[in-house]
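Undergrad: Mind looking over this structure? Questions follow.
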Amino acid sequence: MKKTTSKKVLNKAIFCVFLIATTGCGGFNYSDKNQPTVVEKKSQPKITQEYFLETPKGLKPSNPDHGSTINDLKFLQAFRKHLVSPEEYNYLNIKKLIHDELIAGHKDSANSLAAYGLSGRESLIAYTVLRVNGSIPVYEIRRNIPPDFKELITGTSGNCSDHSLRLMLALETIGVKSALISNVTKNIGGHVFVDAYDPIDNKFYILDPTFNLIIIGDSNTQKSLVAEIIDTGDNTKKKILAQNLRIIAFPTIVRFVDPGYTAFRSNTLTPDFINETRSKRDRMWRKWALEDGKELRSWWERTPGHRPQSAGGFAHSNGIKLPNNFDSSDEYALTLMRSSGFN
């Protein structure tokens, strides 16, 4: 039996998934082989009256690794609702419906975001990430995203591909360009997230709607943050880039359902295991920016189906037809590809 330290298991466990060539991710991939994994024992934090789990019977006292404070739960619950409800859904008018919901909701949420020191546009983009996360409040391990646009917009469970594609469509409605990033590297295992550019503010972002995190490039960033990280070969420049990233990790909690994909694995996933990674998000993403650029590019070289895509390209590859008024940032995704050395 192979012995694996908890740190190594953590690096494999962080985030998603079964990487499927057409969908990005569909479950958690946290062991190289389907065999038992030995994890070094560590003492569990004490259960307190400060941290809680949501249960069918109400709040249950927990510990800092697995639970959330009352304030964090209230913060999350404020964003936990449909982006567009099934009753409101209108295929031809969906872009306006999402835009109006984001603009009005952001105005109402100004006080809850004020403490994070964001500019107006930064705050709107952060709000959009939080609303997308709250509109898919259950993480579902699955192999494919549903090939149905209404489900893509109104569904309440999904994986990191669902979160990212919904975010890209929402960003489109507020004038932000984006590309979907499929990543398999040492510091962040299989995961899908969003690279974005706001032409109104001329700022570049990395956005992770699955785990409520945003990364904002500094004033020296002149191209996609992902392309910058891949392109920076000088170690000193890499350190400066990683140190200067503005990383904002909002409260988050993963509630999930596994419909049986890991049923026969001895090391099946638990929500406790996933939520233990929340406090490590800032450190993990800085290590990713510092160390994983070359590995990410290599991943794209080996798996062309996982190279950056626009929302339109990703939706098309999954049999989803987007409304014609979404331009889906095709040119931005192509520019990111070229900047990363792919024609």
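The values are calculated or read from the model by the stated rules, or taken from the named source; none is laboratory data. The model shown is predicted, which means the values in this text are computed figures rather than measured ones. Neighbour counts run over all protein chains shown; Cβ positions are idealised from the backbone, glycine included.
Undergrad: Do we have any residue at all in the range 69-77 that's assigned to a loop (DSSP other than H, G, I, E, B) and modelled with pLDDT of 50 or more?
TA: yes
Undergrad: Let me ask something additional. Can you tell me which residue within the range 128-176, out of those that are small (Gly, Ala, Ser) and touching a residue at least 40 places away in the same chain (Cβ under 8 Å), is surrounded by the most Cβ atoms within 10 Å (Cβ to Cβ)?
TA: Step by step, filter the range 128-176, then rank; the result is Ser164.
Undergrad: Are any of the residues in the range 212-220 at pLDDT below 95 and in contact with a Gly (Cβ under 6 Å, 6 or more places away or on another chain)?
TA: No, there is no match, as no residue in the range 212-220 is at pLDDT below 95 and in contact with a Gly (Cβ under 6 Å, 6 or more places away or on another chain).
Undergrad: Looking only at residues in the range 245-268 that are part of a loop (DSSP other than H, G, I, E, B) and β-branched (Val, Ile, Thr), which one is nearest to Lys223 (Cα to Cα)?
TA: Looking at residues that are part of a loop (DSSP other than H, G, I, E, B) and β-branched (Val, Ile, Thr), I get Thr252.
Undergrad: Name the pairs: first residue in the range 60-71 and on the phi < 0 side of the Ramachandran plot, second residue assigned to a loop (DSSP other than H, G, I, E, B) and modelled with pLDDT of 95 or more, Cβ to Cβ under 9 Å, at least 6 apart or on different chains?
TA: Ser68/Pro251; Ser68/Thr252; Thr69/Pro251; Asn71/Pro251
Undergrad: Filtering the range 253-304 down to residues that are of a type in the set (Gly, Ala, Ser) and within 19 Å of the chain's Cα centre (by Cα), which residue is surrounded by the fewest Cβ atoms within 10 Å (Cβ to Cβ)?
TA: Ser279
Undergrad: Also: Could you check, for the range 132-142, whether at least one of its residues is in a helix (DSSP H, G or I) and hydroxyl-bearing (Ser, Thr, Tyr)?
TA: yes
Undergrad: Does Pro271 satisfy the criteria of being modelled with pLDDT under 85 and under 26 Å from Lys60 (Cβ atoms)?
TA: yes
Undergrad: Restricting to the range 156-178, give me the number of residues that are under 20 Å from Val257 (Cβ atoms) and part of a helix (DSSP H, G or I).
TA: Residues in the range 156-178 being under 20 Å from Val257 (Cβ atoms) and part of a helix (DSSP H, G or I): 7 in total.
Undergrad: Being in a helix (DSSP H, G or I), of a type in the set (Phe, Trp, Tyr) and modelled with pLDDT under 95 is the filter here; which residues of the range 300-331 pass it?
TA: Selection gives Phe314 alone.
Undergrad: Filter the range 84-104 down to the residues that are touching a helix residue (DSSP H, G or I) at 6+ places or on another chain (Cβ under 6 Å) and part of a helix (DSSP H, G or I), then identify the one that is surrounded by the fewest Cβ atoms within 10 Å (Cβ to Cβ).
TA: The residue in question is His99.
Undergrad: For the range 311-324, indicate whether the set of residues that are in contact with a Gly (Cβ under 9 Å, 6 or more places away or on another chain), surrounded by fewer than 20 Cβ atoms within 10 Å (Cβ to Cβ) and over 29 Å from Leu124 (Cα atoms) is non-empty.
TA: yes
Undergrad: Continuing with this model, one more query. Determine whether Ala170 is in contact with a helix residue (DSSP H, G or I) (Cβ under 6 Å, 6 or more places away or on another chain), of a type in the set (A, V, I, L, M) and within 22 Å of Ser340 (Cα to Cα).
TA: no
Undergrad: Let me ask you something else. Limited to the range 216-246, what total is found for residues that are among the β-branched types (Val, Ile, Thr), closer than 21 Å to Val192 by Cβ and touching a Lys or Arg at 6+ places or on another chain (Cβ under 7 Å)?
TA: 2
Undergrad: Right, here's the next one. Taking the range 243-269 as the search range and keeping residues that are of a type outside the set (Lys, Arg) and in contact with a Pro (Cβ under 7 Å, 6 or more places away or on another chain), which one is farthest from Asp65 (Cα to Cα)?
TA: Checking each candidate, the answer is Ser266.
Undergrad: Right, here's the next one. Among the residues that make up the range 90-106, is at least one of them within 19 Å of the chain's Cα centre (by Cα) and either farther than 19 Å from Gln309 by Cβ or touching a residue at least 40 places away in the same chain (Cβ under 8 Å) (or both)?
TA: yes
Undergrad: What are the pairs with Cβ atoms under 6 angstrom where one residue, in the range 226-249, is on the phi > 0 side of the Ramachandran plot and free of Cβ contacts under 8 Å to residues at least 40 places away in the same chain and the other, located anywhere, is surrounded by fewer than 18 Cβ atoms within 10 Å (Cβ to Cβ) and not charged (D, E, K, R)? Sequence gap at least six, or different chains.
TA: none
Undergrad: Go through the range 46-73 and report how many residues are out of contact with any helix residue (DSSP H, G or I) (no Cβ under 9 Å at 6 or more places or on another chain) and under 28 Å from Met168 (Cβ atoms).
TA: 2
Undergrad: Looking at Ile153, Ile181, Ile188 in this structure, which one is touching a helix residue (DSSP H, G or I) at 6+ places or on another chain (Cβ under 7 Å), within 20 Å of Trp299 (Cβ to Cβ) and not in a loop (DSSP other than H, G, I, E, B)?
TA: Ile181
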